[in-house]
Structure formats: structure tokens, C-alpha cells
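J.: Please read through the structure below; I'll follow up with questions.
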Amino acid sequence: MLQTLYDYFWWERLWLPVNLTWADLEDRDGRVYAKASDLYITLPLALLFLIIRYFFELYVATPLAALLNVKEKTRLRAPPNATLEHFYLTSGKQPKQVEVELLSRQSGLSGRQVERWFRRRRNQDRPSLLKKFREASWRFTFYLIAFIAGMAVIVDKPWFYDMRKVWEGYPIQSIIPSQYWYYMIELSFYWSLLFSIASDVKRKDFKEQIIHHVATIILLSFSWFANYLRAGTLIMALHDSSDYLLESAKMFNYAGWKNTCNNIFIIFAIVFIITRLVILPFWILHCTLVYPLELYPAFFGYYFFNAMMGVLQTLHIFWAYLILRMAHKFITGKLVEDERSDREETESSEGEEATAGGGVKSRPLANGHPIFNNNHRKND
């Protein structure tokens, strides 16, 4: 049974064009070809990345944060309360007004004290500014090095300038050591991101991030199996070209350098739009969709690879929407911040301290928020 599944999985018609077999990609005459077994090294390399990240954040990012004067906000801790803690862990982090009243009776606290307790308790679970800075520093360092290294790998290749040469001789295209290591390091890094995503800073696009990491790992792995290496290196370099700008903008934002953050963010937005919404669909996707059909009939690998590219492109459109919304806030004079971030709640921001006066602050409160619609629940 297992042998049958194995044979079917590696059936040439799934991975290679018609009239080609795995025997055509066996090493010979000093020419080396990509093999599935090459990817075994990516898992131990991913664990190595996690170890390197730990020491980088400890001995590089933390001193850098101190140098840039990254300051933590003072957080008031929620006092111990078994009733409220049980509700927080089992029923929800943001109770509705009816639940607040019930918890008030059960705990012996006023409704406003219950709201304050939940606000402080939510803030306790939010990542610290230092954690955010260290994570952004690690990603900035990797993406910058990966982009420089990636460009060094492909800039002298003829298919970097002529997309038709991506498929010249396909799939019998041998690899060179620089391509091998570029692939292994990039794939290992994305494995490490997937392994650490549960402990990393969680943002509003958490699910989209998981989809992105999984799709990227599948796309890179498949492109290695099917020898789509030239297209794969172009895609990796294109993605790395803007990621380091975003991470550097985050670093300066956490350090309080708002003008520098805003300027870098505008550059990032321009680069992101050009690379992800122009170059990727109209050059790279055109290259992978149109040119292969001039050489051989479509096969499963052709459809699968481009389907994964479609998933990534959909995510790019989603993130472009967030980026443009942030850019609009910047242009209209509002503070630029990561739209995906979970904002920290403050004691004064909820209208809790000031009850005098009219307007919104004089409205009844539901867990610290004015009640406009009793059926509406603000998300964290």
C-alpha cells in the first residue's frame, strides 16, 4: 500500500513534462541536478536558525534596542481574581455588557472595576515593545542579507534579463552551488518562521501569515522537485526586495523615530506595489503561465505551481490594501503604524478616568467602550 502511494506520488507525469523521466535528471558528466533528498537538510537548518535567532536577539537586538532607547510602557497588572481569571481563560477576553454585570455580582466588584481588570489582563498578554523590536531586527537582518545574496546569485544569469531563458532546456537544467544554498537557506528560514509562529508577535493577519508560510514552503519545495529553479530564484529575490524595508520601518517605529519610520514606510510601499502587484503578475506569472506552453503541453506540475503562485498573489493584494490604507493615513497627517498590530489599551483611552462632560465620554460604557449598539462587540 505504502509503496503504491510512493510510486504514485513520484509518478513522472505529475512532476515532469511528457516524454521525460527522472532518469533524465540523474547526475552525469559533472552536471548536478536537484533531488528531493536535498531538502532533508532544511529541517535541521531551520532548528539552527532558531538557535541563531535566540542568540542574535539576546546579544545583538537587545543591546541595539538599548542604544536606540526603546522604552517599555509601564503596564499595570490585573490583581488576582479567580472568578475573572476563569472567565478570561474559558469564555473570552472581552466580555459583553451583560457578562460584565454578571461578573460584577459574582466578584463583588463594580462594573467599571471589572472592565478595568479585563483591560489590564489583556495588556499583560500583549507582547512587549522589546519583543517586537527584537523580532523585527532578526527578520530585517535575514531579509537584507538574503536579498543581497540572492541578487549576487542571479544578477549575472542571462535569464535574469530575458524571461524566455528561464525555460531554455527545461527541465534538464543543472544547478550550481550558489543556487543550491540560496534555496536551502530560504526554505529553512521559512520553516523556522512556521515553527516559531505560535510564540512570535501575533497580528491581525495571523491566519494569512500561516497560509503565506505554508504556501511558500510548498512552492519552494515543489519548484525544487520539478526543477523550476530559475523561476524560483527570481521569485525569492523579488519577495526579499521589500521585506527588509518593512522590518526596518518597524524597528524605527518601536524606537520612536517616527519621521524615519514614515519615510522608510513610504519607500517600502512603493517597492511593494511595484514588485508584488506589477513585476510579479505581469512578468513572473506571465513567464510561468505562458512561456512553458510554448515548449510542452501543460501537466499537473504546471497547474500546481501556478496555483500556489495564485495563492501568494491573492495575499499580496490583501496586504497591498492594508499598506495603501496606512499610506493614506500618513498622507492625511495621521500616525502611520502597522495595521496588523494589536493596539495596547490605556487607562485613559477608554473614557474611564473622565466621566464629566458630554459627547461620547458621557455615554454608557460596555467594557470600557461607548455603547452605540448593544449587539456590537469590538475585537482585540
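The values are calculated or read from the model by the stated rules, or taken from the named source; none is laboratory data. Only a predicted model underlies this, so the values are computations on that prediction, with no experimental measurement involved. Cβ atoms come from the backbone with ideal geometry, glycine included; neighbour counts cover every protein chain shown. All accessible areas refer to the heavy atoms of the entire protein, side chains included, with ligands and DNA or RNA removed. Shrake-Rupley method; radii C 1.70, N 1.55, O 1.52, S 1.80 Å.
J.: Got a number for carbon plus sulfur as a percent of the chain's accessible area, 1.4 Å probe?
T.: 64 percent
J.: Using a 1.4 angstrom probe and counting only protein chains, how large is the accessible area of V214 in Å², to 10?
T.: 60 Å²
J.: Next up: What distance in nm separates the two pseudo spin-label positions at K207 and I274, each 7 Å out from Cα along the beta-carbon direction?
T.: Roughly 3.4 nm, to one decimal.
J.: Right, next: How large is the direction-averaged shadow of the alpha-carbon convex hull of the chain, in nm²?
T.: 24.7 nm²
J.: At 7 Å along Cα-to-Cβ for each site, give me the label-to-label distance between Q3 and I41 in nm.
T.: 3.2 nm
J.: Continuing with the same structure: Give me the 1.4 Å probe accessible area per residue for the chain, excluding ligands and nucleic acids, in Å².
T.: 52 Å²
J.: Let me cross-check K131: its accessible surface, 1.4 Å probe, with only protein heavy atoms counted, in Å² to the nearest 10?
T.: Counting only protein heavy atoms, K131 exposes about 70 Å² to solvent.
J.: Can I ask one more? At 222 nm, what helix-only mean residue ellipticity would the chain give, in deg cm²/dmol to the nearest 500, using -39500 (n - 2.57) for each DSSP H run of four or more?
T.: Only helices count here, giving -18500 deg cm²/dmol.
J.: Going through the cross-link list K157/K207; K35/K131; K93/K207; K35/K165; K157/K250, which pairs have a Cα-Cα distance over 27 Å in this structure?
T.: From K157/K207; K35/K131; K93/K207; K35/K165; K157/K250, over 27 Å: K157/K207; K35/K131; K157/K250.
J.: Ranked from the most accessible area to the least, with a 1.4 Å probe and all protein chains present, what is the order of W319, W181?
T.: The ranking, largest first, comes out as W181, W319.
J.: How do S104, S188 stack up against each other in accessible area, from largest to smallest, with a 1.4 angstrom probe?
T.: I get S104, S188, largest accessible area first.
J.: Counting only C-alpha contacts under 8 Å and six or more residues apart, can you give the relative contact order of segment 54-193 as a whole percent?
T.: 29 percent
J.: Can you sort E101, E208 by solvent-accessible area, 1.4 Å probe, largest first?
T.: I get E101, E208, largest accessible area first.
J.: Roughly how large, in nm² to one decimal, is the mean projection of the convex hull of the alpha-carbon atoms in segment 121-265?
T.: 10.0 nm²
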